[in-house]
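The values are calculated or read from the model by the stated rules, or taken from the named source; none is laboratory data. Computed from a predicted model, the values in this text were never measured in an experiment. Cβ coordinates were reconstructed from backbone atoms using ideal geometry, including for glycine residues, and neighbour counts include every protein chain displayed. Heavy atoms of the whole protein, side chains included, go into the accessibility calculation; ligands, DNA and RNA do not. Shrake-Rupley method; radii C 1.70, N 1.55, O 1.52, S 1.80 Å.
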Amino acid sequence: MRSLDKIRFVVIGMPRTGSTLLATGLEQHPNVTCFGELIHPLESERKKVESIVVDGENACFDPERDDAIEFLRTCVYENPTLVSRAVGFKLHGHFAAGRGSHDLLARLRGEIPDLRFIHIKRENYLDVYLSLAIACRDMKWSIFASEGNGQNKSELKRVEPISIQFQEAEKYFFEMNNMDSLFYRLFSGVNYFCVNYADLDRFYEREMSKIYEFLGVESHVARPWVVKQNTSTARDLIMNYDELSERFSNTFFSRFFKEALD
């Protein structure tokens, strides 16, 4: 397949919004290649990504040497060894402003023709922040289902509650809101598809079918390979939940606590 015939895409979002759940669904499709966080600022994380082979050698983005757009063109979007119909990678928005990737979001829109953007969005920022705080504390980022089929219950342990500081949560909520607004402002249009995490989590096969259609590949039955790390409510997991709810009661973010009560 000629490189110009490929469907180019990028999964955009923020950490703990379901990007791994989405990316593993893309990887299940026989005609889709979805790489992980190729532009991650940490070298150790970039090297965890499945190897990209260019001219017989493994390639890894080096921010001291590479321009992100040129790296993506050469190693991903125009790489003749990648024969899948659709080829892309996962990008967290706050990783798109470092050395080698300055202004990457706007450049993706302007410099790679016909690039398709899949925006994974989690509406309740309290749930996102809580998931991130617990993952950082417990150093557990993902739990994969055994052989991609069913939950690996042996890894699901009781999650200890956590205390959250109002100022830190408020700052994070603003950051999330700004990034979601930026994604929509930059990418909305015919080549933009927004995925709601709650829908993906609840109706996985249906939502993945919509994404495959958006990418222009044939239908395929996908199964969730990532297991929720806990199923407790925010009220149960946040020790100072009532205090936080009161502090946010007259703000734009009060709805996150009302949703948590539903």
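If Lys and Arg each add +1 and Asp and Glu each add -1, what is the summed charge of the other residues whose beta carbon sits under 9 Å from the beta carbon of SER131?
On the way: positive: ARG16, ARG122; negative: ASP127.
Summing Lys and Arg as +1 and Asp and Glu as -1 gives +1.
Given a 1.4 Å probe and every protein chain left where it sits, what share in percent of the accessible area of the stretch 29-122 is carbon and sulfur?
Working: 2020 of 4460 Å².
Its accessible area is 45 percent carbon and sulfur atoms.
Treating the stretch 1-138 as a set of equal point scatterers at the Cα positions, no solvent, please give the Debye-formula log₁₀ I(q)/I(0) at q = 0.09, 0.20, 0.21, 0.22 Å⁻¹.
For the requested q values the scattering log ratios are -0.26, -1.31, -1.42, -1.54.
Return one whole number: the accessible area per residue of the chain in Å², for a 1.4 Å probe. Numbers along the way, then the final one.
On the way: 13630 Å² over 262 residues.
With the other protein chains kept in place, the chain gives 52 Å² per residue.
Hey, what's the Kirkwood Rh for the stretch 23-100 if you take every pair of different alpha carbons, in angstrom? All intermediate terms of the calculation are to be shown ahead of the outcome.
Details: mean 1/r = 0.0775 Å⁻¹.
One over the average 1/r among Cα pairs gives 12.9 Å for the stretch 23-100.
How would the stretch 202-262 be classified by its alpha-carbon gyration tensor: rounded, prolate or oblate, with rounded meaning a/c under 1.5 and the a/b versus b/c comparison settling the rest? Walk me through the numbers on the way to the answer.
Numbers: a/c = 4.88, a/b = 2.34, b/c = 2.09.
It is prolate, given that a/c is not under 1.5 and a/b is the larger ratio.
Relative to the first principal axis of the alpha-carbon coordinates of the chain, what is the inclination of helix 125-138, with its axis defined by its Cα atoms, in degrees from 0 to 90 and to the nearest 10?
Once rounded, one gets 80 degrees.
Cβ neighbours within 10 Å, averaged per peptide: list 126-138, 188-200 in order, most packed at the top.
Values: 126-138: 18.6, 188-200: 16.0.
Averaged packing, sorted descending, gives the order 126-138, 188-200.
Above 24 angstrom, tally the Cα pairs of the chain and express them as a % of all pairs, no decimals. List each step's numbers first, then the result.
Details: 17465 of 34191 pairs.
Counting pairs separated by more than 24 Å, the tail of P(r) holds 51 percent.
Any idea which of SER249, ALA59, VAL49 is furthest toward the positive side of the dipole for the chain, if Lys and Arg beta-carbons carry +1 and Asp and Glu beta-carbons -1?
SER249
For the pair THR74 and LEU132, how long in nm is the line joining their label points, each one 7 Å along Cα→Cβ?
3.3
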